[in-house]
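These notes concern the structure reproduced below.
The values are calculated or read from the model by the stated rules, or taken from the named source; none is laboratory data. The structure presented is a predicted model; accordingly, all values stated were derived computationally and were not measured. Note that each Cβ is placed from the backbone with ideal geometry, even for glycine, and that neighbours are counted across all protein chains shown. Calculation scope for accessible area: heavy atoms of the full protein, side chains included, ligands and nucleic acids excluded. Shrake-Rupley method; radii C 1.70, N 1.55, O 1.52, S 1.80 Å.
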Amino acid sequence: MMLEHFKGDEIFVKKILDYQNQAYNHQRMILTPFLNPHEQDVVHKIIGHHDLQVKSYGGFINAESQRMIICPDFYELENDDFEIIVVEVVYNQQFGKLQHKDVLGALMNLGIKRECIGDIYDSSHIYFTCTSQTYPYIQSHLKQIKKSKVKLREVTEKIEMIHQYTTHTFFLSSLRLDKVISTMFKVSRQVASEAIRAGFVKVNHKEVEEVSFLCHNNDMISFKRHGRVKIVDEERTTKQGNFVVKGYFYK
């Protein structure tokens, strides 16, 4: 019955129910891989109380991707229990500044599962988080990103993620997902529709494959290889009846 409430997340839900069973019936501490905000929300909805506690931590202050611990109430948890390493990528910028996509691509090319890597934070320096089990392999094999030779430094100080945006105003005849993607990312309606059906678009960190899906205020839309944008409805319309919407594009 529970699966009916989580359409599209059935496999993930079954995994969390198994974690719940292990934590409750065997009094175990379960540590998950890195989960996105949508997945974290599903975990909280499923676990409920059940004399269990659910804690999350992502390595950074304000981290989006976080590992979660599901365990009996009597466990006293510390950040070290999440087994997360915060890493700075040290390099010479003579060949240009490395970006989020460059670091993610280099890590994925090592054959590492995405769930073993947390957030990648691109500010004046560039950082990423990973599981402590994965870090020795990354440290041994990640020697160059694009044209830059890199060294990895384990970071112990607290780093706060502060997102920076560029903003643009749009006039939309509809808040259908295909229309939003087409307008905000400047692609044809056909390209937008094909991308949605192919699973390249997420709304609030969850894949949406319906082109007619209606977006709402404060929705976060991710378009693979194009970036992310947060929709802010200004709650006004033009004389032609179009919605006035501001897009906050993540840098």
Which of the residues belonging to segment 26-61 are touching a His at 6+ places or on another chain (Cβ under 7 Å) and more than 21 Å from Phe128 (Cα to Cα)?
Val54
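With the requirement that a residue be open to solvent by 60 Å² or more (accessible area, probe 1.4 Å), assigned to a loop (DSSP other than H, G, I, E, B) and out of contact with any Pro (no Cβ under 9 Å at 6 or more places or on another chain), what does segment 9-30 give you? Spell out how you get there, then give the answer.
Going residue by residue through segment 9-30, those that are open to solvent by 60 Å² or more (accessible area, probe 1.4 Å) are 10-11, 14-15, 18, 21, 24-29.
Checking which are assigned to a loop (DSSP other than H, G, I, E, B) leaves us with 26-29.
Matches in segment 9-30: His26 only.
From Lys186, Lys206, which residue is without any contact (Cβ under 8 Å) to a residue 24 or more places away in the chain, among the basic types (Lys, Arg) and surrounded by fewer than 19 Cβ atoms within 10 Å (Cβ to Cβ)?
Details: Lys206 fails: without any contact (Cβ under 8 Å) to a residue 24 or more places away in the chain.
Step by step, each of Lys186, Lys206 is checked, and only Lys186 is without any contact (Cβ under 8 Å) to a residue 24 or more places away in the chain, among the basic types (Lys, Arg) and surrounded by fewer than 19 Cβ atoms within 10 Å (Cβ to Cβ).
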Per the list (1) touching a helix residue (DSSP H, G or I) at 6+ places or on another chain (Cβ under 9 Å); (2) surrounded by 15 or more Cβ atoms within 10 Å (Cβ to Cβ), residue check on Lys230 breaks on (1)
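Kindly indicate which of Glu39, Glu88 is within 30 Å of Ile126 (Cβ to Cβ), in contact (Cβ under 8 Å) with a residue 60 or more places away in the chain and either in a helix (DSSP H, G or I) or not acidic (Asp, Glu) (or both). Spell out the reasoning first.
Values: Glu88 fails: either in a helix (DSSP H, G or I) or not acidic (Asp, Glu) (or both).
Testing whether each residue is within 30 Å of Ile126 (Cβ to Cβ), in contact (Cβ under 8 Å) with a residue 60 or more places away in the chain and either in a helix (DSSP H, G or I) or not acidic (Asp, Glu) (or both) leaves just Glu39.
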Report yes if some residue within segment 43-52 is at pLDDT below 95, surrounded by 12 or more Cβ atoms within 10 Å (Cβ to Cβ) and outside any helix (DSSP H, G or I); otherwise report no.
yes
Contact list, first residue from segment 45-69 and free of Cβ contacts under 8 Å to residues at least 60 places away in the same chain and polar (S, T, N, Q), second anywhere and open to solvent by less than 10 Å² (accessible area, probe 1.4 Å) and part of a loop (DSSP other than H, G, I, E, B), beta-carbon distance below 7 Å, six or more apart or interchain, is Gln66/Gly58
Given the structure, is Asp81 without any contact (Cβ under 8 Å) to a residue 40 or more places away in the chain and surrounded by fewer than 19 Cβ atoms within 10 Å (Cβ to Cβ)?
no
Within segment 85-110, restricting attention to residues that are surrounded by 18 or more Cβ atoms within 10 Å (Cβ to Cβ) and within 19 Å of Arg225 (Cβ to Cβ), which residue is farthest from the chain's Cα centre (by Cα)?
Leu98
Assuming Leu177 fulfils every condition listed in (1) open to solvent by less than 70 Å² (accessible area, probe 1.4 Å); (2) under 27 Å from Ile61 (Cα atoms); (3) under 21 Å from the mean Cα position of the chain (by Cα) apart from one, which condition is it?
(2)
